[in-house]
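J.: Below is one structure. I have some questions about it.
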Number of protein chains: 2
Amino acid sequence: MSDLSVFSETLKPPVMSYNQSLEAFKQDKDFAKIFLGHRDCRTDDGLPWVIPLIKTTQQHISNDPTLNHEHLPLLGLPEFTRVATELAIGKHSIALIENRAGGIQTPGGTGALWLGAKFLQQWYKVNFPKQTAVYVSLPAWDTHGGIFQNAGFTDIRSYHYWDCMEMGIGMKELVIDLEDAPDNSIVVLHCTPNNPTGMDFTPQEWIQIANLMQKKKLFPFFHLSAQGLASGDLDRDVLPFRFFIEQGFELFCAQSFSKNFGLYEKSVGNLIVVAKNNKTLLSIRSQLEIIIRLAWWSPPALGARIVATVLNNPAILAEWKENIKEMAEHIMLMRLKLKEKLRTLGTLGTWEHLTTQMGLYSFSGLNASQVDILRTKRHVYLGANGQINMSSLNSGNIDYVAQCIHEAVNLSYLG
Amino acid sequence: MSDLSVFSETLKPPVMSYNQSLEAFKQDKDFAKIFLGHRDCRTDDGLPWVIPLIKTTQQHISNDPTLNHEHLPLLGLPEFTRVATELAIGKHSIALIENRAGGIQTPGGTGALWLGAKFLQQWYKVNFPKQTAVYVSLPAWDTHGGIFQNAGFTDIRSYHYWDCMEMGIGMKELVIDLEDAPDNSIVVLHCTPNNPTGMDFTPQEWIQIANLMQKKKLFPFFHLSAQGLASGDLDRDVLPFRFFIEQGFELFCAQSFSKNFGLYEKSVGNLIVVAKNNKTLLSIRSQLEIIIRLAWWSPPALGARIVATVLNNPAILAEWKENIKEMAEHIMLMRLKLKEKLRTLGTLGTWEHLTTQMGLYSFSGLNASQVDILRTKRHVYLGANGQINMSSLNSGNIDYVAQCIHEAVNLSYLG
């Protein structure tokens, strides 16, 4: 047989900025090195946040003699998808009362985004063959555009979000982008807690966007992760999302339980579908079932059982809500402390945005050259765009990080 | 807002023969009803096969305080993919020695098929834009063609496999189909234990197919599930697959641990890649990583940890091998008993194929009208194509099933 590979040399190398940054951090031999770009939620000890009650719940499930190991239904564990959906859209949501909303269990939030994207791609291909633009925010999570591409969309565009001069949202440019969007385009929106910049729209801005999207018939696809970790209140974190449902939008929402349950390795996601009526919901579910059957057959059970157990049991639920609140307060404290320390040090620039922002992530406002100085001179690693996971900060490293940021900013301005 | 749904009425209803058959069975109120089309492996008591050592292993893992819950690497748990790959291709495989074979963890065997298909689709689109035919067997698992379609292939063809007149493989037609295939087409092949018909090629036929595929540069994509449950011997079950590797083929293999570990709800799969050289293997892995990142991010951990623990621990491994052997012997006994009973009853037709076949599934040779009679007159449910899961038969139901088959065959011939 020929020794030549079927596969030519044309394969492109992967570009993974997050992994590259983590790899560089791992290679760094400096004792004082600090990583501020974690994907997960960290405790004040700098460790992955393992919630004790989740661990106990998992043990109970593993020891349950009544559970066999049969496949879950293709659409997932019904007691999970029901409570997961209720957690996001609210138990008393009009969409639930009218029986036109439901969830589909997926391998993680990424799986939910992919599944929704794949359905939309198939549907748009038939119904709007010439109008298949997908809008992701600039900046977005680095997977957002790729997931829609992976699902078959080719026209991925961005809408302005972060304005680095104003350290906030560039609403004017954003409105222009959405005004220019072809009717029926898909727009990926961030729920408050997992906004990559940490900066959420004001209620007035959300209303303006909803009105614009209604006018242009744009389809909202929300991404919801870390629910509760922005305000500490599970309901408050999803008010803008629920507002869209109240306004009568049909929409999708990719929900993940990795961060707020510390269930990363369990891959627990849920695709929430809100349709106009029950008939459409059932149609969409039947189509999603076909896609699932041809992609991963049925989702993994354990994580879904854990989430279902917690959310269905008032005593455990109360304890989990308390845990969420504590973590959210820890994150807010880190925001406040960093801002105060930078102010005390007299660091050039304004740092008010650190506490205006909410949730796990922050666009710190540090530019690429400052990030570079932090890495090369101070062994402090964060995203090239200045993004910090606020839970990567803790009582043990915040003084040092603030001092390093101060020096990096001074160096970059004064040379 | 308009009350009309974005989603038109054009959505097609799903066609799912397996689910329909199961639904009809569930609706049947008859006390003596029997289902012979299970997707999982059943014990002689008619229950899902839960392997006690797997349950204990799971409990140990759940109670392990050293495990945190961080994401697995995108390509999966390395200690799992290594042993899983070794189990299939052999520890001493030349491809492993030459460092050009490896595994990628996926959500189940379906996930492995989809992932491999998606990679091939992207690669073929660039390199063989006009030659992207995918051949699946006739009959195949009802998902095989759909998975490749879901991954973006449009030219799905079938190659002849089962010859219902001969109750065996239609080798002549199969050879014609592959001879006619465009060079570089992809061919999906069944490993012995999960062949949907139960009828495997003879060693000579495997050699003939390998030669033909070499000549035509056809790309083999194997599907391996239920390893060990055909012959009771883990190695013997994959001899034809290993023969292809020895012949120098580059190939993929979608491996599932649902059936032989009873881990259905854990979604444990592995995509095995055998490349020409290490460089190509690494290229392919980097491309697969990108696809994974945009489809499910990282696979669920628990099932992979269970499989890795069992396969890495000689004492547990020996016990599991014993379990596998017992189940395989049970399945073979059911084949033998059914054949003998039909012979004793003097049922029309030849039933020799029941014991020539191997593995969990059998094309019984019953035609659609006989299957229909069994369902409507005797409350016995099997696939419309006559497919039976041999582990759905057991000491408690085999006499009754044989009697029903006898009557159905007589009725269909004699009216």
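J.: Residue A:321: which lysines have alpha carbons under 26 Å from its alpha carbon, excluding same-chain residues fewer than 8 sequence positions away?
T.: The qualifying lysines are A:55, A:91, A:259, A:266, A:337.
J.: Counting other beta carbons within 10 Å of each residue's own, what order do B:411, A:360 fall into, fewest first?
T.: With the sparsest Cβ surroundings first, the list reads B:411, A:360.
J.: So, one more: About its Cα centre, how strong a charge dipole does the protein assembly as shown have in debye, to the nearest 20, once Lys and Arg get +1 and Asp and Glu get -1 at the Cβ?
T.: 340
J.: Loop-only check: which GluC sites (Glu not before Pro) in segment A:118-182 are DSSP coil with at most 16 other Cβ within 10 angstrom?
T.: A:166
J.: Among the aspartates and glutamates, which have Cα under 15 Å from the Cα of residue A:217 when same-chain residues fewer than 8 positions away are ignored?
T.: Counting by Cα, and skipping residues close in sequence, residue A:217 has these aspartates and glutamates nearby: A:177, A:179, A:180, A:183, A:250, B:3.
J.: How large is the charge dipole for chain B, taken about the Cα centre, if only the Cβ atoms of Lys, Arg (+1) and Asp, Glu (-1) carry charge, to the nearest 20 debye?
T.: With Lys and Arg at +1 and Asp and Glu at -1, about 460 debye.
J.: Related question: For Cα pairs less than 8 Å apart in space and 6+ apart in sequence, what is the mean separation divided by the residue count of chain A, i.e. the relative contact order in percent?
T.: In percent, rounded to a whole number, it is 25.
J.: Neighbour counts of other C-beta atoms within 10 Å: give me A:305, A:343 arranged from fewest to most.
T.: A:343, A:305
J.: Counting each DSSP H run of 4 or more residues in the protein assembly as shown as -39500 (n - 2.57), what helix-only mean residue ellipticity at 222 nm follows after dividing by all residues, to the nearest 500 deg cm²/dmol?
T.: When only DSSP H runs of four or more count, the value is -14500 deg cm²/dmol.
J.: Within a Cβ distance under 14 Å of residue A:208, other residues only, what is the Lys/Arg minus Asp/Glu net charge?
T.: Neighbour charge sum, excluding residue A:208 itself: -2.
J.: Classify chain B as rounded, prolate or oblate from the Cα gyration tensor: take a ≥ b ≥ c as the square roots of its eigenvalues, call it rounded if a/c is under 1.5, otherwise prolate when a/b beats b/c and oblate if not.
T.: Rounded is the answer for chain B, as its axis ratio a/c remains below 1.5.
J.: Let me ask another. Is segment B:238-294 best put as rounded, prolate or oblate by its Cα gyration tensor, with a ≥ b ≥ c the root eigenvalues, rounded for a/c under 1.5, and otherwise prolate when a/b is larger than b/c, oblate when not?
T.: oblate
J.: Right, next: Determine, for A:353, B:160, the number of other Cβ atoms within 10 Å of each Cβ, and report the residues in order from fewest to most.
T.: B:160, A:353
Read-outs: derived from the displayed coordinates by stated rules, not from any lab. Everything numeric here is computed off the predicted structure, so don't read it as measured data. Methodologically, a virtual Cβ is constructed for each residue, glycine included, from the backbone with ideal geometry; neighbour enumeration extends over all protein chains shown.
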